Amino acid sequence: GQQLNQSPQSMFIQEGEDVSMNCTSSSIFNTWLWYKQEPGEGPVLLIALYKAGELTSNGRLTAQFGITRKDSFLNISASIPSDVGIYFCAGRGSGGSNYKLTFGKGTLLTVNP
Amino acid sequence: GAGVSQSPSNKVTEKGKDVELRCDPISGHTALYWYRQSLGQGLEFLIYFQGNSAPDKSGLPSDRFSAERTGGSVSTLTIQRTQQEDSAVYLCASSPGTRDIQYFGAGTRLSVL
């Protein structure tokens, strides 16, 4: 089945620093999504990417859909304490089961004020 | 409420007991998903409902797990004869249709003692 490798597993940074995390897939995806999960909550969608090479921003967040369609990255600029949480990438392939999302294991982000 | 609602938020049970977890999707959303999130892991797909179509149960880990969706709205995930390895957060998501953005509930944290 499809597998997603997300890295790093965790990051501990100082407020104001930039952050980068990425996901790679063993197979091609048609959609890449980035979610954030805070303690006790479900994941919330941050950015959706639908086209190879697409670069999309949402405030201080920027994500890109890799040209090979097997990878994506998320950057957070000028981090603030409320950026703390677990960031998940998720991908959707083609074919009969294209309603399914495959999730990475997440990147735990800690921001030191 | 406007979002996906799950109940209970926490459930502690004894090994061997049955549990029922409930999900109220966003009104009008035809697609509903159940996921399992174990500690430090990504989200594991369990089951998918779309309208009146037969559900995709391919992610259910054993025959102790079952799910229903009544009237195309509320869904119940049932785990029979719970085991300690069933301890996890069970997340429900809904979307307007297949391949649309999934909106998650806050989850039910299940602890099997």
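The values are calculated or read from the model by the stated rules, or taken from the named source; none is laboratory data. Since the model is a prediction, treat every value here as computed from it, not as a measurement. Backbone-built Cβ (ideal geometry, glycine too); neighbour counts: all protein chains shown. Only protein heavy atoms, including side chains, enter the accessible area calculation; ligands, DNA and RNA are left aside. Shrake-Rupley method; radii C 1.70, N 1.55, O 1.52, S 1.80 Å.
Hey, any hits in the range A:71-78 for a residue that's of a type outside the set (K, R) and in contact (Cβ under 8 Å) with a residue 60 or more places away in the chain? Break it down stepwise before answering.
Just the residues of the range A:71-78 that are of a type outside the set (K, R), to begin with: A:71-78.
Retained after the next criterion (residues that are in contact (Cβ under 8 Å) with a residue 60 or more places away in the chain): A:78.
Among the residues of the range A:71-78, at least one is of a type outside the set (K, R) and in contact (Cβ under 8 Å) with a residue 60 or more places away in the chain, which makes the answer yes.
Test B:E44 against the stated conditions and say whether it is out of contact with any helix residue (DSSP H, G or I) (no Cβ under 7 Å at 6 or more places or on another chain), outside any loop (DSSP other than H, G, I, E, B) and free of Cβ contacts under 8 Å to residues at least 12 places away in the same chain. Before the answer, list the steps.
On the way: out of contact with any helix residue (DSSP H, G or I) (no Cβ under 7 Å at 6 or more places or on another chain): yes; outside any loop (DSSP other than H, G, I, E, B): yes; free of Cβ contacts under 8 Å to residues at least 12 places away in the same chain: no.
Judged against the criteria, B:E44 is not a match.
Check B:V89, B:V12, B:V19 and return the single one that is away from chain A (no Cβ under 11 Å) and either within 16 Å of A:P43 (Cβ to Cβ) or surrounded by 18 or more Cβ atoms within 10 Å (Cβ to Cβ) (or both).
Values: B:V89 fails: away from chain A (no Cβ under 11 Å); B:V12 fails: either within 16 Å of A:P43 (Cβ to Cβ) or surrounded by 18 or more Cβ atoms within 10 Å (Cβ to Cβ) (or both).
From the options B:V89, B:V12, B:V19, the qualifying one is B:V19.
Only residues in the range B:1-16 that are of a type in the set (V, I, T) count as the first member; pair them with residues that are open to solvent by 50 Å² or more (accessible area, probe 1.4 Å) and not in a loop (DSSP other than H, G, I, E, B), Cβ under 6 angstrom, at least 6 apart or cross-chain, and list the lot.
From the range B:1-16, the pairs are B:V4/B:Y103.
Which one is least open to solvent (accessible area, probe 1.4 Å) among residues in the range B:33-52 that are modelled with pLDDT of 90 or more and farther than 19 Å from B:A88 by Cα?
Result: B:F49.
Is there a residue being closer than 21 Å to A:N98 by Cβ and open to solvent by less than 20 Å² (accessible area, probe 1.4 Å) anywhere in the range B:100-108? Before you say what the answer is, go through the steps one by one.
At the first step, the residues of the range B:100-108 found to be closer than 21 Å to A:N98 by Cβ are B:100-104.
If we keep only those that are open to solvent by less than 20 Å² (accessible area, probe 1.4 Å) too, we end up with B:102.
Yes, because at least one residue in the range B:100-108 is closer than 21 Å to A:N98 by Cβ and open to solvent by less than 20 Å² (accessible area, probe 1.4 Å).
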